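Data block below; observations after.
The values are calculated or read from the model by the stated rules, or taken from the named source; none is laboratory data. Treat the numbers as computed from the prediction; the structure is a model and nothing was measured. Please note: Cβ atoms are built from the backbone with ideal geometry, for glycine as well, and neighbour counts cover all protein chains shown. Heads up: the accessible areas ignore ligands, DNA and RNA and are worked out on the full protein's heavy atoms, side chains in. Shrake-Rupley method; radii C 1.70, N 1.55, O 1.52, S 1.80 Å.
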Amino acid sequence: MSVPRSQISPAPDAALQTYPFTLRDLPYAYDALEPHIDQKTLQIHHRNHHATYVKKLNEAVAKHADLQRRTLAELLQDLEKIPADIRKAVKDNGGGHLNHDFFWTVLTPRPARGPTGALAAVIEEEFGSVDEFRKKFSDAAAAHFASGWVALAADRHSRKLEILDLKDHEVVPAGKTGLLILDVWEHAYYVKYQNRRPEFIEAFWNLVDWGHAGELFERGAGSRRFRSRATRARV
Ligand code: MN3
């Protein structure tokens, strides 16, 4: 099941990839997130689970040449336009590829203590405090039934932050910018934590790359509008 090293290559953000989709190397070593995420789990998660989603996505899109120039984001945005014979495969494996590619960048061996700048201001405004936000996000992750993801996203229309509960490999919908995402499939934690998902969620907070989340917010969420609202609220 494991992927030969040669098939792992640098590639653009999965959302921008077109067929054939590729598995990016992790931006850190497999043991770099110890003790919070153990080496064995991370290796299996990336080189077996994530790699399999990429492989199955490629197998599906290989059958339809007309889809091969579309980016992964485009394929997932318009699932009704995907031929019925591969729609579920694209949804599940494309979503799996996109979410994992995002998840790896949410984690870092050298985390900051918390958010700063505009993102910190908006989190404080919407949730009361960063601790309150963490508690809400953790509760959503612990309560998620069966396999899925929990994400923090900025809605570009309502200009609100939202905690999203995503089933299976549902992705952050168009119109929202994902800032954080947490994998709560059992394969993400079972080797080390078994059924103790809340311990894994606590460990996650020791690895969050808040700098990256802040950049995503600045770049993608119309943060000027968010910021002006946060500034007004403080005056
Ligand atoms: Mn996973």
Being outside any helix (DSSP H, G or I), away from the ligand (no atom under 16 Å from the Cβ) and modelled with pLDDT of 95 or more narrows R87, R70 down to just R70
Name every residue in region 129-148 that is in contact (Cβ under 8 Å) with a residue 60 or more places away in the chain and either more than 27 Å from T116 (Cβ to Cβ) or among the polar types (S, T, N, Q) (or both), in order of residue number. S138
For A141, indicate whether it is among the small types (G, A, S), modelled with pLDDT under 95 and touching a Phe, Trp or Tyr at 6+ places or on another chain (Cβ under 9 Å). no
Residue, nearest to E199 (Cα to Cα), within region 125-137, restricted to residues that are touching a helix residue (DSSP H, G or I) at 6+ places or on another chain (Cβ under 7 Å) and open to solvent by 10 Å² or more (accessible area, probe 1.4 Å): K136
Single condition E162 does not satisfy, out of (1) outside any helix (DSSP H, G or I); (2) modelled with pLDDT under 95; (3) of a type in the set (D, E, K, R): (2)
Selection from region 56-67 of residues surrounded by 15 or more Cβ atoms within 10 Å (Cβ to Cβ) and either in a helix (DSSP H, G or I) or within 16 Å of the ligand (Cβ to nearest atom) (or both) yields K56, L57, N58, A60, V61, L67
Unmet requirement for A118, which otherwise passes all of (1) open to solvent by 20 Å² or more (accessible area, probe 1.4 Å); (2) out of contact with any strand residue (DSSP E or B) (no Cβ under 8 Å at 6 or more places or on another chain); (3) farther than 19 Å from H36 by Cβ: (1)
Do you know which residues across region 169-197 are more than 27 Å from E126 (Cβ to Cβ) and surrounded by fewer than 22 Cβ atoms within 10 Å (Cβ to Cβ)? W185, E186, H187, Y190, V191, K192, Y193, Q194, N195, R196
Tally the residues that are closer than 20 Å to W205 by Cα and among the aromatic types (F, W, Y), restricting the search to region 16-48. 2
